[in-house]
Amino acid sequence: MQYEQLASEGAMRFREKERPLLLAIETSCDETAAAVLEGANLVRSMTVFTQIPLHEKYGGVVPEIASRSHVEKVGAVTDAALKQAGITIRDVDAVAVTYGPGLVGALLVGISYAKGLAFAAGKPLVGVNHIAGHIAANYLTYPDLEPPFVCLVASGGHSHIVRVDERCRFTLLGCTRDDAAGEAFDKVARVLGLGYPGGPKLEALAKEGDPHAFRLHAGFNDKPNLDFSFSGLKTAVINLVHTAEQRGENLRAVDVAASFQHAVVETLAEKSVRACLESGMKTLALAGGVSANRALREAMGQKAEQAGLRFCCPDFRFCTDNAAMIACAGYHALMAGQLSPLSLNAVPGLQLASPEIK
């Protein structure tokens, strides 16, 4: 029997099962991850190999090193996920894998491995959008969450306000015009000499500072649209630090970090709540690596409550890149009738949705 027929029949059985088992693989950047999901939201296993120590001395992710590390680890990480779940590949009902956006070399490692597994075991394959995976992390934490709702996706490479119309249908309401929030955090952390990864280190430093010590402002963010600009805030910090150095002044790094974080958080929270209200939605969600930032979670939660909105954000273990969120998005894609061929390829610039037409 041809693989295409096996996959089609397997996808049909997947939809008919009450609690199918789905194996997911995620290698979009610098985390090699695998997970096994039972049904829509029961995480049977979740394994992650982080490459942070490999990239730390370079001050950021080196694509070639990331790809080579994925090649070395993807097999062991996937085997560990299956073993942790107490199953073998024969017990799996389908395979999901991230195919974009991300680093092309890193994506290709996961896709190639997932296609090999799916073909060898005769299992259906489904490609998953990484951003859709981040949004789906909320379903793992809130099983009762149902579309439509608005979600802010904030990470090192993405800052999007998305209206989730259905589980597999999205509308882009706003996005960054330049640096993503996480990218800006990393760049400011580098200016302050904090090293990589910058986001968590800057957040830790900001806890000790005064968020109102410096008024860091980007005029673009005052506009009534739902787009962001963080490059100006980053530049404001660079100018602040360089001016102080030229004058021989000592800046309190804790105050700079706190002021920068406050400016970013307020912009993200205010525009996300506004997007929710303007869309007539009752629920606001948060997703992406920056959703682990406690200041952002608290600010969005407070502003959502004041606006009479329900606020959802993933459990911390589902915030950064992981395969459980990819499995959840893959589950809903398969249930919606989506299926990927063995010709599935990496799409590093993959889009989640088209902008809303007004």
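Scanning region 310-328 for residues that are more than 14 Å from Ala154 (Cβ to Cβ), open to solvent by less than 10 Å² (accessible area, probe 1.4 Å) and not hydrophobic (A, V, I, L, M, F, W, C) turns up just one, Asn322.
Condition check ((1) farther than 17 Å from Ala333 by Cα; (2) among the acidic types (Asp, Glu)) across all residues:
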| site | (1), (2) |
| --- | --- |
| Asn129 | no, no |
| His134 | no, no |
| Asp144 | yes, yes |
| Pro147 | no, no |
| Leu152 | yes, no |
| His158 | yes, no |
| Val164 | no, no |
| Leu172 | yes, no |
| Thr176 | yes, no |
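Based on this model, can you work out whether Ala299 counts as over 12 Å from the mean Cα position of the chain (by Cα), in contact (Cβ under 8 Å) with a residue 12 or more places away in the chain and surrounded by 15 or more Cβ atoms within 10 Å (Cβ to Cβ)? It is true that Ala299 is over 12 Å from the mean Cα position of the chain (by Cα), in contact (Cβ under 8 Å) with a residue 12 or more places away in the chain and surrounded by 15 or more Cβ atoms within 10 Å (Cβ to Cβ).
Among the conditions (1) without any contact (Cβ under 8 Å) to a residue 12 or more places away in the chain; (2) closer than 22 Å to Glu278 by Cα, Asp165 misses just one, which is (1). Here the strands (runs of 3 or more DSSP E) wholly within region 59-157 that include at least 3 residues being out of contact with any Phe, Trp or Tyr (no Cβ under 8 Å at 6 or more places or on another chain) and either charged (D, E, K, R) or in contact (Cβ under 8 Å) with a residue 12 or more places away in the chain (or both) are 94-100, 149-154. For first residues located in region 215-234 and assigned to a loop (DSSP other than H, G, I, E, B), partners that are charged (D, E, K, R) and modelled with pLDDT of 80 or more and lie 6+ apart or on another chain with Cβ distances below 6 Å form the pairs Leu226/Lys271; Asp227/Arg177; Ser229/Arg177; Ser229/Asp178; Phe230/Asp179.
Of everything in region 38-55 that is more than 17 Å from Val71 (Cβ to Cβ) and touching a residue at least 60 places away in the same chain (Cβ under 8 Å), the residue that is least open to solvent (accessible area, probe 1.4 Å) is Gly39. Only one of the numbered conditions (1) open to solvent by less than 40 Å² (accessible area, probe 1.4 Å); (2) over 17 Å from the mean Cα position of the chain (by Cα) is not met by Glu31, and that is (2). Would you check which residues across region 159-208 are open to solvent by 30 Å² or more (accessible area, probe 1.4 Å), in a loop (DSSP other than H, G, I, E, B) and in contact with a strand residue (DSSP E or B) (Cβ under 9 Å, 6 or more places away or on another chain) and list them? Within region 159-208, Arg177, Asp178 qualify.
The values are calculated or read from the model by the stated rules, or taken from the named source; none is laboratory data. Source: prediction; values computed, not measured. Cβ: placed from backbone, ideal geometry, glycine included. Neighbour counts: every protein chain shown. To get the accessible areas, we keep the full protein, side chains included, count just its heavy atoms, and leave off ligands, DNA and RNA. Shrake-Rupley method; radii C 1.70, N 1.55, O 1.52, S 1.80 Å.
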